[in-house]
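Heads up: the structure comes next, in structure tokens.
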Amino acid sequence: MTAILHIDASARKERSISRTLGETFKHQWLTEKPADRFIYRDIGSTPPDFISESWIAAVFTPEEKRTDEQNLLLALSDVLIEELSEADVIVISTPMYNYGMPASLKAWIDQIVRINKTFTFDLNRGDFPLEPTLSGKFLVLITSCGEFGFEENGARETMNHLGPHLRTLSKYLGADEIHEINVEYQEFGDKRHKRSIESAYKSIPELIKRITKKLASPESPV
Ligand SMILES: Cc1cc2nc3c(=O)[nH]c(=O)nc-3n(C[C@H](O)[C@H](O)[C@H](O)COP(=O)(O)O)c2cc1C
């Protein structure tokens, strides 16, 4: 049985393109694999807390020396990391806000990319002391944006701080393989937007087939 962690980051509950696509992904996955398990976090509606000075101090306090207050401060982080660790596939459905990820999604990332949990730090490794602890997962990024041309060689390629940022972080999520489904042109609401939506929906069953096939095969990264 495969576990899929689904993170929804749009602040909109109504008419959210990324939410609707994420929901479709889940529905189609379960149609294909009814026994699989989805773990769901609606961080768009209920954003995780921002990390604070005391949170950082708690993280850097050895586990056996943490106070009850510090353990309480890290409780959400512990749960979110547990959910991530259980997942074979991570689906993040998110809008682009101000050319990057919503603050709620950054808050989730800050809660889970944590020393001695999702990465270790060792200066003996030289100039690259951070090493992720998780691996073998698939990451599916489902994004929606109002403008267009954020792809490689696109007119706004250098303004895209959503996909590239999440790709950089993906190794700390344990993702070895990343797939993106991107809707563009929402603010134009024209034929190009319609085409972009159609192509996103069309790509979902194909992507599910590819991932489930890899998960079932012995050379799967998971
Ligand atoms: C606060 C805010 C900031 C946005 N910033 C951008 C942006 O920088 N670039 C862009 O192309 N679209 C931007 N948009 C448009 C959204 O990305 C677009 O409406 C998207 O469809 C929202 O996702 P959703 O439909 O899942 O809610 C922004 C929208 C909002 C509400």
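The values are calculated or read from the model by the stated rules, or taken from the named source; none is laboratory data. Not measured: the values here are computed from a predicted model. Note that each Cβ is placed from the backbone with ideal geometry, even for glycine, and that neighbours are counted across all protein chains shown. With ligands, DNA and RNA removed, areas are computed over all heavy atoms of the protein, side chains included. Shrake-Rupley method; radii C 1.70, N 1.55, O 1.52, S 1.80 Å.
May I ask you to verify whether residue 86 is closer than 16 Å to residue 175 by Cα, open to solvent by 70 Å² or more (accessible area, probe 1.4 Å) and touching a Leu at 6+ places or on another chain (Cβ under 8 Å)? Spelling it out, residue 86 is indeed closer than 16 Å to residue 175 by Cα, open to solvent by 70 Å² or more (accessible area, probe 1.4 Å) and touching a Leu at 6+ places or on another chain (Cβ under 8 Å).
Taking the criterion of being open to solvent by less than 40 Å² (accessible area, probe 1.4 Å), assigned to a helix (DSSP H, G or I) and more than 14 Å from the ligand (Cβ to nearest atom), the residues of the stretch 165-202 that qualify are 166, 169, 170, 172, 173. Taken together, the residues in the stretch 25-39 that are touching a helix residue (DSSP H, G or I) at 6+ places or on another chain (Cβ under 9 Å) and within 16 Å of the ligand (Cβ to nearest atom) amount to 1. Examine the stretch 31-40 for a residue that is small (Gly, Ala, Ser) and in a helix (DSSP H, G or I), and state whether such a residue exists. No, that holds for no residue. Residues considered: 35, 9, 3. Of these, the only one that is more than 19 Å from residue 181 (Cα to Cα), at pLDDT 95 or above, in contact with a strand residue (DSSP E or B) (Cβ under 8 Å, 6 or more places away or on another chain) and not charged (D, E, K, R) is 3.
If you take the residues in the stretch 50-64 that are part of a helix (DSSP H, G or I) and out of contact with any strand residue (DSSP E or B) (no Cβ under 7 Å at 6 or more places or on another chain), which one is surrounded by the fewest Cβ atoms within 10 Å (Cβ to Cβ)?
The qualifying residue surrounded by the fewest Cβ atoms within 10 Å (Cβ to Cβ) is 64.
Could you list all residues from the stretch 1-24 that are more than 14 Å from the chain's Cα centre (by Cα), of a type outside the set (D, E, K, R) and either within 16 Å of the ligand (Cβ to nearest atom) or surrounded by 19 or more Cβ atoms within 10 Å (Cβ to Cβ) (or both)? Selection gives 11, 16, 17, 20, 21, 24.
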